[in-house]
Amino acid sequence: MSAAQPFSLRAAGYAATLLYLLIVVFPVAAALLHSLTSDAGALSLAAYADLLGSGREWLLLVRSGLVALAVAAGCVVLGVSYAVATQALPPWAGRALRYAAFVPFAVPPYLHATAWVALAGTRGLLAQALSALLGRPVAVPDFYNTGGVIFVLTMAYFPVVVCATAAALARYDVRFDEAARFNLTRWLAFRRITLPLLAPPILASALLVLVLSLLSFAVPSLLQVNLYTVEIYSHFQAFYDMRSAIARALPLVVFGLAMAAVYRARLKPRLAWLSGRQRSATHRDTRATVLFAALLYCASLLLLAAGLPLLALLVHSLPLSNYIEAWATARGEILASLGIAAAATSIMLAFASFGAYAARRGSRLAATPHLSLVAFLVSGPALGIGLILAWNHPDPRHWVYDTLAVVVIACVAHYLFVAHYAARAAMHALHVSIEEPAQLAGVPWPRQFTRLVLPLIAPQIFLIAGLSFVLAFGELDAAVLVCPPGWTTLPVRLYTLMHYGPSSLVSALSVITIAIVLAAGAAAAALAKLAQGRAHGGH
Amino acid sequence: MKRILVTCILLLSVVGSTEQVVVYTALDELYSRPILDRFTRETGIEVLAAYDEEASKTTGLVNRILAERARPRADVFWNNEVAQTIVLKTKGALAAYASPAAEPYPASMKDPEHYWTGFAARARVIIYNTDLVAAPPTSLLDFLKPEWKGKAAIGKPLFGTTATHAAALFALWGDERANDFFARLKANEVAVLSGNAQVRDQVARGEYAVGLTDTDDANGAIADGLPAKWLFPDQGAEDMGTLVIPNTVALIHGGPNPEAGKKLIDFLLSAEVEAELARTRAIQIPLNPEVDAPESVPRLGTIKTMNVSFESVAGKMPVTAEYMRDVFLR
């Protein structure tokens, strides 16, 4: 890594760090400080003493952990099998199915829950259809329980494991298999060679699913299952106890950081074992039965995870006049959410890409992704409280708090870590020698950054933009607390309407939300593909 | 376009001729927005409204007001119930304002120190499916009977009027009897749904035979032609009466536009607004005897109301919330 740091780069690094501290660290610190003080302003650990003494809540945390573990296990089973199945198909088909696996992930989990209740609830479309067919009322399983939460979250998050497994398989050197098969049976070769090589990225994705499931609030709330995140919300909403709510968010932060530490210590070093050599297409099993079985499995899983819920929402949203009503009712919210997501995405990309570049050049910005992770792990209500405490002041800060800028900051603070880590990974893949000729020629660093580095990682940048947009567009928990009077975002509006029960308007708005998210994802993928073609000189 | 203009004004902190008032309102946007729009038309004062999230109802806005105490952003709090308004008063978040428009309202429905005034009330009622139920329960205590085991539904008792109702029972009966009631209610397999609207929907659909909800939600089922009816519980001579919960309006202490806030409060307490709310499908019960409401809207004088002070109800909110969380959340 180059040690040269021009003054202008250092200055830019300090400015970016200051801005980062204001946007990401300040609200989290304000929330933490609030939880450690009493109303009189004195140091107080009462909120934490209450937490430590509450056996019920630790049991609730364990229960939530078990639910998250079940989701992660389900995602590993489905995700790995899906990715392996796509490998058995012709490359174009496998690629298409892997892209299609993005659809369940792009749909916000709370819309999954809504769709499944509309489809398979006790009075859902399925129950109605069966009742009509059989001529009598049909009892269907109740979705409002822990099993429903596990099912919905598994359907929403298994694409994370698909993505990791597919990437791992693409970089798996088949010569390991070939060498192993000289002395080992197929099963032993798989157990001693293939599995240890593929396990690290799969386990890393499982850890991510574990954390996402543990942090999930909207799904357990909608399905009326009392998990730990719902408990945090209850302390805030029903007991007016902000300190207690913030204190209760800390175990989640500690757990998430522990998972990050496990990843860094045990899994990240082993990712390099996958050498990057592409798996040869000639190793695909081309028997018709295998092809058919793989296609059937992938199609069935996609139908279950995305097709049926989307179909339920579409059917429930008809007639088309509901879409006109939805647009008329929520036009302001849709445009506000688009604007907020676009602004937040731009800021996240700027921070993440510059931060990764500056860290590569030896800047102290290297530490920022870890702080971003804390902001992600803190619950939405805690982050919202922190934003109020940090920005609602009579000084010029109120220019931020009184406008949608505070919602943009909420999105950036909550999801910057995703962009951070992804940008660091993308930057890490570029060898430092790429910049050395430019440095030797005295090219200023901004020009190196914008004309050399960014174009080379443009495909990844577009994908990061797509993912950041999807996350920012769906921001709910913190936004509901800080949205200025006169403004509402689409997720907040939708979440509010959902609690009146599933209606055609809710379904129409849900379809609009999903369409926007999928369009953003598709646009990001298309731009990434285009950029990849240009980066490789059109080859 | 109007919102963008308002936002620019806020951004530049330009003190112009456009007067504004910021209101946090827990009443459904469907009903509150037309009234606020009319206020703007009649007075020229721009209204910036923040509506609550249905899942948590009033408590979300209450906590937001508390969190913003260092620099209140709202001028007026228009609550659709009363207990949490009183919580705000006890925490010093409200300012006293004796609105002249509050004069006609009953003393029991307004704060003696003028921190809040109640208007346009709802009642906690029993809703039942007319296809499934010939003889509906007439008392809350009937929900404990074996014939309603697994057939009754209530809203989540941590938020909204269900929480207020639970706290009222604690205040009326005392902790021991109330604990016993809710424990037996749970043992009788009462379903806890996410809110009053869901109770209405699922009773109307026949998923549950009976439920506990508010008059506005219950009337919605009838207005939609669904097979449901509702009644005021506990109206017998020896019974405890029905809990009537008013909307409340209060001035926020330290709000940015206090004079505009007072004008909005005066407007909301006018007979015209109560009459308008009574004419909606929410059939909010007028408390101002001068209000001319449709025949179908109940009048306060015809209901035997629960004899419990709102201050005592508010005082019971925290202990009730804790109990409900422990007993009813899965």
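Brief remarks follow.
- Helices (runs of 4 or more DSSP H) enclosed by the stretch A:1-90 - at least 3 residues per element that are farther than 24 Å from residue B:67 by Cα and at pLDDT below 85: A:7-20, A:55-87
- Applying the criterion of being touching a His at 6+ places or on another chain (Cβ under 8 Å) and not basic (Lys, Arg) to the residues of the stretch B:64-93, the residue that is nearest to residue B:39 (Cα to Cα) is B:72.
- When residues of the stretch B:78-91 are limited to those that are farther than 18 Å from residue B:262 by Cα, within 13 Å of another protein chain (Cβ to nearest Cβ) and not aliphatic (A, V, I, L, M), the one surrounded by the most Cβ atoms within 10 Å (Cβ to Cβ): B:84
- Within the stretch B:101-119, the set of residues being crowded, with 16+ Cβ neighbours inside 10 Å, within 21 Å of residue B:165 (Cα to Cα) and not aliphatic (A, V, I, L, M) comprises B:110, B:111, B:116, B:117, B:118, B:119.
- Of all residues making up the stretch B:258-287, the number that are without any contact (Cβ under 8 Å) to a residue 40 or more places away in the chain and either of a type in the set (Ser, Thr, Tyr) or closer than 17 Å to residue B:34 by Cβ (or both): 3
- Hits in the stretch A:233-254 - residues which are among the small types (Gly, Ala, Ser), in a helix (DSSP H, G or I) and in contact with a Phe, Trp or Tyr (Cβ under 7 Å, 6 or more places away or on another chain): A:245, A:247
- Exclusive hit being assigned to a helix (DSSP H, G or I) and within 14 Å of another protein chain (Cβ to nearest Cβ), set B:166, B:171: B:166
- Some residue of the stretch A:390-404 being touching a residue at least 12 places away in the same chain (Cβ under 8 Å), surrounded by fewer than 20 Cβ atoms within 10 Å (Cβ to Cβ) and not acidic (Asp, Glu): yes
Here's the yes/no breakdown for (1) within 13 Å of chain B (Cβ to nearest Cβ); (2) part of a loop (DSSP other than H, G, I, E, B):
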site	(1), (2)
A:388	yes, no
A:393	yes, yes
A:410	no, no
A:415	no, no
A:421	no, no
A:427	no, no
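- Scanning the stretch B:217-240 for residues that are of a type outside the set (A, V, I, L, M, F, W, C) and buried (at least 18 other Cβ atoms within 10 Å of the Cβ) yields B:217, B:219, B:220, B:233, B:234.
- The number of residues in the stretch A:431-442 being out of contact with any helix residue (DSSP H, G or I) (no Cβ under 6 Å at 6 or more places or on another chain) and either without any contact (Cβ under 8 Å) to a residue 12 or more places away in the chain or outside any helix (DSSP H, G or I) (or both) comes to 6.
- The condition (being in contact with a Ser or Thr (Cβ under 6 Å, 6 or more places away or on another chain), assigned to a helix (DSSP H, G or I) and of a type outside the set (Ser, Thr, Tyr)) is satisfied by just one residue among A:511, A:480, A:453, A:492: A:511.
- On inspection, residue B:98 fails the criterion of being aliphatic (A, V, I, L, M), outside any strand (DSSP E or B) and either crowded, with 24+ Cβ neighbours inside 10 Å or within 14 Å of chain A (Cβ to nearest Cβ) (or both).
- Among the residues making up the stretch A:233-257, those that are within 14 Å of chain B (Cβ to nearest Cβ), of a type outside the set (Asp, Glu) and either surrounded by fewer than 21 Cβ atoms within 10 Å (Cβ to Cβ) or closer than 11 Å to residue A:47 by Cβ (or both) are A:235, A:239, A:242, A:243, A:244, A:245, A:246, A:248.
- When we screen B:220, B:236 for residues that are in a loop (DSSP other than H, G, I, E, B) and either more than 27 Å from residue A:220 (Cβ to Cβ) or in contact (Cβ under 8 Å) with a residue 12 or more places away in the chain (or both), the only hit is B:236.
- Flag if residue B:62 is among the β-branched types (Val, Ile, Thr), crowded, with 22+ Cβ neighbours inside 10 Å, modelled with pLDDT of 90 or more and under 20 Å from residue B:256 (Cα atoms): no
- Residue in the stretch A:483-503 that is among the aliphatic types (A, V, I, L, M) and more than 14 Å from chain B (Cβ to nearest Cβ) present: no
- Residue A:439 being in contact with a Phe, Trp or Tyr (Cβ under 9 Å, 6 or more places away or on another chain) and of a type in the set (S, T, N, Q): yes
- The stretch B:279-330: number of residues that are among the polar types (S, T, N, Q) and within 14 Å of another protein chain (Cβ to nearest Cβ): 1
- Residue in the stretch A:443-450 that is among the aromatic types (Phe, Trp, Tyr), in contact (Cβ under 8 Å) with a residue 60 or more places away in the chain, on the phi < 0 side of the Ramachandran plot and assigned to a loop (DSSP other than H, G, I, E, B) present: no
- Looking across the stretch B:174-192 at every residue that is in a loop (DSSP other than H, G, I, E, B) and within 14 Å of chain A (Cβ to nearest Cβ), the one that is surrounded by the fewest Cβ atoms within 10 Å (Cβ to Cβ) is identified as B:189.
- Scoring residue A:343 on the criteria (1) surrounded by fewer than 22 Cβ atoms within 10 Å (Cβ to Cβ); (2) away from chain B (no Cβ under 14 Å); (3) under 21 Å from the mean Cα position of the chain (by Cα) leaves a single failure, condition (2).
- Condition met for residue A:410 (small (Gly, Ala, Ser) and surrounded by fewer than 24 Cβ atoms within 10 Å (Cβ to Cβ)): no
The rows are residues; the columns are (1) modelled with pLDDT of 90 or more; (2) closer than 15 Å to residue B:78 by Cβ; (3) surrounded by 15 or more Cβ atoms within 10 Å (Cβ to Cβ).
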position	(1), (2), (3)
B:16	no, no, no
B:19	yes, no, no
B:26	no, yes, yes
B:33	yes, yes, yes
B:43	yes, no, yes
B:46	yes, no, yes
B:57	no, yes, yes
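- Count of residues meeting criterion [of a type outside the set (Ser, Thr, Tyr) and either assigned to a loop (DSSP other than H, G, I, E, B) or at pLDDT below 90 (or both)] in the stretch B:269-278: 1
The values are calculated or read from the model by the stated rules, or taken from the named source; none is laboratory data. This structure is a prediction, so every number in the text was calculated from the model and none was measured. Methodologically, a virtual Cβ is constructed for each residue, glycine included, from the backbone with ideal geometry; neighbour enumeration extends over all protein chains shown.
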